[in-house]
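To start, the structure itself, in structure tokens.
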Amino acid sequence: MNSLAGRRALVTGASRGIGAGIALALADAGADVAITYERSVDRAAAVVGAIEAKGRRGLAIQADSADPAAVKRSVDEAALGLGGLDILVNNAGIADFGPLVDLPLERIDALLNVNVRAVVLAAQAAIPHLGRGGRIISIGSSLGVQVPAAGLTMYALTKSALVSFTRGLARDLGPQGITVNLVQPGPIDTDMNPADSEMAQMIIPHTPLGRYGRPEDIAAAVTFLAGPSASFMTGSAMTVDGGYNA
Ligand code: NDP
């Protein structure tokens, strides 16, 4: 199914994990895809190779989401390299847990800068490139809705900020025909949250489907939101969590 044929996408933080799954799914649906990464040069190159093997254009851009200038540069480079931009997927994110009282300023700043400020700045940089039918999709978290344990405060705060950001920006950009939506994953098996960890053994019994999800589960929701079938959806949050928040 080539519902995204001719569309040009940027997926942030897509050298591995959920972002890589999203980049490959968008390419499968016919899009040309640029990705950003922070450190994983080889893995980013492998994702681009896989995009190109599907007959699509791929582009890897090194850009630290914590650096405002790099975020803007990455959006402009993606638009230049792909000949325009139709879809921005804000996926890059970091997790950091612990009691608030123990979190030093640098770790609080890192969470806010990568999980919130970079999303705001990437959207701001992308808006001038997006035409009617443009899409801004961000990756939040089921923890942005419910906080089921101690030690998650700051991470949950960064993800719940994306709910109001999505709603507000949907109102700002609706008249331009650009939709803005949020996908909120539950536990997904990646380097950030491996399905064989000790924490996973605590999470799985509280998940109705009794297992972790895969990056492809989130990529399917993003591909739907990026495509023409979702043209009347904006300002929404889709939770894809195996029922964890049910
Ligand atoms: P991973 O840690 O497995 O992968 C993170 C990706 O983001 C990598 O490609 C990494 O690049 C990139 N990245 C990290 N920091 C930066 C940065 N400062 N600048 C640019 N790129 C960066 O994470 P996941 O795939 O698990 O998570 C993806 C998103 O989904 C995040 O926003 C996360 O909060 C969210 N999420 C994840 C859940 C899960 O259970 N896995 C659940 C709910 C939400 P590099 O390889 O170069 O380091």
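Each value in this text was obtained by applying a stated rule to the coordinates, not by laboratory testing. Keep in mind that this is a model prediction, so the values were computed, not measured. Don't worry about glycine lacking a Cβ; one is built from the backbone with ideal geometry, like all the others, and counts go over all protein chains shown.
Kindly list the residues of region 19-33 that lie in the label zone of residue 231, defined by a backbone N under 20 Å from the point 7 Å along the Cα-to-C-beta vector.
29-32
How long is the gain from residue 67 to residue 43 if the chain were fully straight, where each residue apart is worth 0.36 nm and the alpha carbon distance is subtracted?
Using 0.36 nm per residue and subtracting the Cα-Cα distance, I get 6.5 nm.
Which whole-Hz couplings ³J(HN,Hα) result when phi for each residue of region 126-135 is put into the Karplus expression 6.51 cos²θ - 1.76 cosθ + 1.60, θ = phi - 60°, listed in order with x for Gly and Pro?
7, 3, x, 8, 7, x, 4, x, x, 9
Which order, highest average first, do 114-120, 9-15, 235-241 follow once you tally other Cβ atoms within 10 Å for each residue and take the mean per peptide?
Top of the packing list down: 9-15, 114-120, 235-241.
Summing +1 for each Lys or Arg and -1 for each Asp or Glu, what net charge is found among the other residues whose Cβ lies under 14 Å from the Cβ of residue 213?
Result for the local shell: -2.
If you build a Gaussian network model of the chain, linking Cα atoms that sit under 10 Å apart, which residue out of 184, 176, 201 swings the most?
201
What does the net charge come to around residue 193 if you take all other residues with beta carbon closer than 15 Å to its beta carbon, with K and R at +1 and D and E at -1?
-3
Below 8 Å, C-alpha to C-alpha, sequence gap of six or more: please give me the relative contact order for the chain in percent.
Relative contact order, the chain: 20 percent.
Between residue 102 and residue 28, what is the label-point separation in nm under the 7 Å Cα-to-beta-carbon projection?
4.0 nm
Using amide H atoms built 1.01 Å from N in the peptide plane, name the residues 5+ places from residue 36, or on other chains, whose amide H lies under 5 Å from its own.
Answer set, sorted by chain and number: 11, 12, 13, 14, 61.
Quick one: length gained pulling residue 164 to residue 220 fully straight, 0.36 nm per residue minus the C-alpha distance?
Going from the current span to full extension adds 17.8 nm.
For residue 76 and residue 146 in one chain, what is 0.36 nm times their gap in residues minus the Cα-Cα distance, to one decimal in nm?
21.7 nm
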